[in-house]
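One structure is given here, and the rest of the page talks about it.
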Amino acid sequence: MTKEEIYQLAQDAIEKGDAETAANMARLGLDSGIGGIELIDNGFIPGINKVGDLFGEGQLFLPELIMSANAMQGVIDIINESLEKAGIKQNQGKVVIGTVEGDLHDIGKTIVVSLLKANGFAVKDLGRDVSADRFIKEAEAFGANIIGTSALLTTTMSVQKELEDKLQEKGLRNKYKTIVGGAPVTERWAKRIGADAYASDAADGVRKIKELLQG
Amino acid sequence: MEQFLTRIHRGEILIADGAMGSLLMARAKDLIKGKCPELVNLSRPDILEEVAALYLDAGADIIQTNTFGGSPLKLEDYSLQDNMEEINRTAVNAVRKIVDERGRNAYVSASCGPSGKMLRPYGPIAPDTMYDNFFRQLRVIIDAGADIICIETMTDIQEAVLAVKAAKTISPSIPVMATMTFDLKPRGFFTMMGVSISKAAAELETAGADIIGSNCGNGIENMIKIAHEFKNYSKLPLIIQANAGLPEIIDGKAIYPETPGFMAEKSKELVAAGVSIIGGCCGTTPRHIGAIRSVVRG
């Protein structure tokens, strides 16, 4: 099988949410001498990003996205293991992410976590019901570049503003880039509270975080 | 009191109530902000009575209980699963008390929302566990004397079907309403889990629901389209509970765009589409329900 054929089959497997074929392609790619990062970048990431985009467009739905993200996670584990053996560190940037205090919704946030990991970010998922203080404490401890917050309720969005205020107070505002998301959250809200970016969906979140790290 | 389903089948249009959360928040902010909304049931059932009275006096025929998140799996999020019985029983009793006091021909409708957990293979929950989750909540609710079960805001058809079956197993005669939440996507209306209106209609009907439809979503205009589509796929009576559009946050407050007048005017189109029960969801108030009633029932 040529490199291109492996990339294509890898991409197809992720798009179909076929974990078994995806894992097989990861092993086959590594065995045929393709570098782990090259394999991820050319084969699997185009697949998961396409799934993320189709989800964002409403062409496919949560079940398909979950199956694709699960398949991707299996691939990442296989490839990370091989990279570790070879002593190669793959690191796009470090993100701490969570659903804000008082909010127990975390389906959306979990999808963002899967896509970020799939794209090679080091992600610390703080789960749900996370206070502004804890976001800051964890970001400091993790050495994060990005703090991502999700709010699914109109009553909990205020925690996103509280985080901005507390970062300012502590003189840490310029140390991190912040990104906000969640059903009731808008671009306008992000601007008003002074967040660095707004993500309309999971794939958009990955794009915006890449932009933030470049900019 | 005349039977609920008899009135529906005779062609009467009934009015359901509107949003619960915002009214509770206004009265018990310290108790529930960032916490479980059903906590009100444990310590302030008087607030549940007050809210029920507001909607009843606004003209609602169907008053919902504050039990949306009252299933054991959902209550686990707040470590309140041991209070499951009391939470559900108190909520039914509070609405029952007000409905009986007012002496109107109104009904206690027990709300039953999603478990918040996903079924296999997308999540960890086995179908039996999900069924048991709803069975336990609904047994308390039905024992407490609810008139109707309202399974609502569902996005996974399998979860919704398990809830309907649990209700009908406990009491084959209790009327069960089942509604799902749809978004408009490029290929039409679908739930977050990818369920179309045709699939929802077919499977809810097969499961034994007496009344089907939609709640929440994005405003009443989409709901008119959703109602027409349901009518293409099912002869069952329809319930529609629209929200007042998507909120804007202004000065820390959620402001919903659709006014009582606007929603009332648009409700005429729901009637024309053949909807049997019209109520509200997020952002609707007793004023919305009053306005809808006066337009629909004159």
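The values are calculated or read from the model by the stated rules, or taken from the named source; none is laboratory data. Just so we're clear, the structure is a prediction, and the values are computed from it rather than from any experiment. In this analysis, Cβ positions are derived from the backbone assuming ideal geometry, glycine residues included, and neighbour counts consider all displayed protein chains.
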remark   = Exception for A:Leu28 within (1) within 14 Å of chain B (Cβ to nearest Cβ); (2) at pLDDT 90 or above falls at (1)
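For every residue, the table says whether it meets (1) among the hydrophobic types (A, V, I, L, M, F, W, C); (2) over 24 Å from A:Val112 (Cα atoms); (3) at pLDDT below 90.
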| residue | (1), (2), (3) |
| --- | --- |
| A:Glu4 | no, yes, no |
| A:Thr21 | no, no, no |
| A:Asp53 | no, no, yes |
| A:Gln59 | no, no, no |
| A:Ala71 | yes, no, no |
note = Subset of the range B:118-156, residues in a helix (DSSP H, G or I), buried (at least 21 other Cβ atoms within 10 Å of the Cβ) and among the hydrophobic types (A, V, I, L, M, F, W, C), comes to B:Met130, B:Phe134, B:Leu138, B:Val140, B:Ile141
message = Being of a type in the set (A, V, I, L, M, F, W, C), exposed (fewer than 15 other Cβ atoms within 10 Å of the Cβ) and not in a helix (DSSP H, G or I) is the filter here; which residues of the range B:1-48 pass it?
response = B:Met1
request  = Would you point out the residue of the range B:164-199, among those that are basic (Lys, Arg) and either within 16 Å of the chain's Cα centre (by Cα) or within 14 Å of chain A (Cβ to nearest Cβ) (or both), that is nearest to B:Thr6 (Cα to Cα)?
outcome  = B:Lys199
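Quick one: count up the residues across the range A:8-37 that are of a type outside the set (Gly, Ala, Ser), farther than 20 Å from A:Glu81 by Cβ and crowded, with 18+ Cβ neighbours inside 10 Å.
So the first thing to find is which residues in the range A:8-37 are of a type outside the set (Gly, Ala, Ser), and the list is A:8-9, A:11-12, A:14-16, A:18, A:20-21, A:24-25, A:27-28, A:30-31, A:34, A:37.
After this cut, where a residue has to be farther than 20 Å from A:Glu81 by Cβ as well, the list is A:8-9, A:11-12, A:15-16, A:18.
Of the ones still in play, those that are also crowded, with 18+ Cβ neighbours inside 10 Å are A:9, A:11, A:15.
Number of matching residues: 3.
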message = Step by step: first the residues of the range A:42-88, then only those that are free of Cβ contacts under 8 Å to residues at least 12 places away in the same chain and of a type in the set (D, E, K, R), then the one that is farthest from the other protein chains (Cβ to nearest Cβ). Which residue is that?
response = A:Lys85
remark   = Of the residues in the range A:94-146 that are away from chain B (no Cβ under 14 Å) and at pLDDT below 85, the one that is surrounded by the fewest Cβ atoms within 10 Å (Cβ to Cβ) is A:Gly120
note = B:Ala19 meets each of (1) within 14 Å of another protein chain (Cβ to nearest Cβ); (2) farther than 17 Å from B:Ile289 by Cβ with one exception, condition (2)
Output for the range A:163-177, where each listed residue is out of contact with any Ser or Thr (no Cβ under 7 Å at 6 or more places or on another chain) and surrounded by 18 or more Cβ atoms within 10 Å (Cβ to Cβ) = A:Leu167, A:Tyr176, A:Lys177
remark   = Taking the range B:171-186 and keeping residues outside any loop (DSSP other than H, G, I, E, B), out of contact with any Phe, Trp or Tyr (no Cβ under 8 Å at 6 or more places or on another chain) and not small (Gly, Ala, Ser) leaves B:Val176, B:Met177, B:Thr179, B:Met180, B:Leu184, B:Lys185
ask   = Being in contact with a Pro (Cβ under 9 Å, 6 or more places away or on another chain), more than 14 Å from chain A (Cβ to nearest Cβ) and within 25 Å of B:Gly252 (Cα to Cα), is that true of even one residue in the range B:56-69?
value = yes
key: Single condition B:Leu24 does not satisfy, out of (1) under 23 Å from B:Ile240 (Cα atoms); (2) away from chain A (no Cβ under 14 Å)   = (2)
message = Checking the conditions here, which among B:Ser115, B:Ser109 is closer than 19 Å to B:Leu162 by Cα, outside any helix (DSSP H, G or I), more than 14 Å from chain A (Cβ to nearest Cβ) and in contact (Cβ under 8 Å) with a residue 24 or more places away in the chain?
response = B:Ser109
ask   = List, please: which pairs have Cβ atoms under 7 Å, are six or more places apart or on different chains, and start with a residue in the range A:155-179 that is under 30 Å from B:Ala28 (Cα atoms) and end with one that is of a type in the set (Asp, Glu)?
value = A:Thr156/A:Glu101; A:Thr156/A:Asp103; A:Val159/A:Glu101; A:Lys166/A:Asp133
request  = Could you list, in sequence order, all residues of the range B:75-106 that are assigned to a helix (DSSP H, G or I), surrounded by fewer than 22 Cβ atoms within 10 Å (Cβ to Cβ) and within 12 Å of chain A (Cβ to nearest Cβ)?
outcome  = B:Glu76
remark   = Here the qualifying pairs (Cβ atoms under 9 Å; residues six or more apart or on different chains; first in the range A:12-41 and under 18 Å from A:Met67 (Cα atoms) and outside any helix (DSSP H, G or I); second at pLDDT below 95 and among the hydrophobic types (A, V, I, L, M, F, W, C)) come out as A:Gly17/A:Val51; A:Gly17/A:Leu65; A:Gly17/A:Ile66; A:Gly17/A:Met67; A:Gly17/A:Ala69; A:Gly17/A:Ala71; A:Asp18/A:Met67; A:Asp18/A:Ala71
